[in-house]
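Undergrad: This is the structure I want to talk about, given as structure tokens.
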Amino acid sequence: MIYDALSQILDTTMYVSTLMQPGIDPHTYKASAGDLKQLKKADLVVYNGLNLEGKFSETLDEISKTDKALAVTKYLKESDLIYTDGTIPDPHIWFDLPLWQYCIRNTLDEILKRFQNQLSAQQIQFIEKNAEKYFLELTEAHHEALRKFAEIPQEQRVVITAHDAFNYFGRVYGVEVIGLQGISTASEFGLKDVVEMIHFITERKIPAIFIESTVSDHTVKAVIEGCKSKGHTLKLGGTLYSDALGPKGSGHHTLYGAFRHNVEMIYQSLKAGS
Ligand SMILES: [Zn+2]
């Protein structure tokens, strides 16, 4: 998501590359030797900062000592954050589009400040024009989501996903979101949880459950089977983008594309169930 924003906005004025490719789970990502070389060479390393890059944090800690690291979430206030797990803030802020835009705007300002001596007035103008387009698209997508979910009665706006990547999404778009796993894909989802989830879904007559592009789907399938044995048909709502965007050419390789895909999937399944 960070690469999508910065590569679109900075375009040819700066060289932007990403370590985590489409479909990669950031919670369990480990830096390779090639990555370390790239990190060393970079003038700036931009990352999430809310412990999203769990297995990567030691490397990032090292870099942050050199003032080369910039966390996009450092601009957020305590009240912006969601704590579902005691003291650890949920890192999945990108599906709250206004909050994400706030982070990217501040990150961009910091980048422009750091590199101001190396950029011409014309280049800065070009960057600002790209930024305007990026933010305008996300604002449109935000309003589209608000409009769509407003059509669904509040009590029916329940979404069940493979892991807790949609809490910020749920807060801003008024959707109750339940993840089968915790906020990191690294945590276990036990048999007891499956049984409880089947009970919950059957009671609430929830129409659909979603899998995610970066999470294994076998738990989701176990829940669907369990509901079936209790006489409740739980449909597979489709695949949502959670922690990674789609591959180039899929139309979902930008946050704009992936977000709109998610909204459409969720909207269609909730509408069918209402
Ligand atoms: Zn996640």
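The values are calculated or read from the model by the stated rules, or taken from the named source; none is laboratory data. Values in this document were obtained by computation on a predicted structure and should not be read as measured data. Positions of Cβ are generated from backbone atoms using ideal geometry, with glycine treated the same way; all protein chains shown enter the neighbour counts. The protein model used for the area step is the full one, side chains on, heavy atoms only, and it has no ligands, DNA or RNA in it. Shrake-Rupley method; radii C 1.70, N 1.55, O 1.52, S 1.80 Å.
Undergrad: Looking at segment 102-127, which of its residues are under 16 Å from the mean Cα position of the chain (by Cα) and open to solvent by 30 Å² or more (accessible area, probe 1.4 Å)?
TA: Y102
Undergrad: Right, next: Would you mention how many residues in segment 69-100 are part of a strand (DSSP E or B), closer than 25 Å to N262 by Cα and open to solvent by 50 Å² or more (accessible area, probe 1.4 Å)?
TA: Residues in segment 69-100 being part of a strand (DSSP E or B), closer than 25 Å to N262 by Cα and open to solvent by 50 Å² or more (accessible area, probe 1.4 Å): 3 in total.
Undergrad: Could you grab me the full set of residues in segment 249-272 that are among the aromatic types (F, W, Y) and open to solvent by 40 Å² or more (accessible area, probe 1.4 Å)?
TA: Let us first name the residues in segment 249-272 that are among the aromatic types (F, W, Y), namely 256, 259, 267.
Residue satisfying the conditions is Y256 alone.
Undergrad: Can you go through T73, T59, T66, T18 and tell me which one is farther than 15 Å from S184 by Cβ and touching a Cys at 6+ places or on another chain (Cβ under 7 Å)?
TA: Going through T73, T59, T66, T18 in turn, just one is farther than 15 Å from S184 by Cβ and touching a Cys at 6+ places or on another chain (Cβ under 7 Å): T73.
Undergrad: Residues that are without any contact (Cβ under 8 Å) to a residue 40 or more places away in the chain and in contact with a Gly (Cβ under 9 Å, 6 or more places away or on another chain): list the strands (runs of 3 or more DSSP E) wholly contained in segment 132-232 that include at least 1 such residues.
TA: 176-179
Undergrad: Pick from segment 220-274 the residues that are more than 21 Å from I152 (Cα to Cα) and β-branched (V, I, T): which of them is modelled with the lowest pLDDT?
TA: V220
Undergrad: If you don't mind, another one. Which pairs do you get when a residue that is closer than 17 Å to P89 by Cβ and in the same structural domain as W100 (by TED's automatic domain parsing), found in segment 50-64, comes within reach of a residue that is open to solvent by 30 Å² or more (accessible area, probe 1.4 Å) and part of a helix (DSSP H, G or I), reach meaning Cβ atoms under 8 angstrom, with the pair 6+ apart or on two chains?
TA: Hits for this filter: N51/S57.
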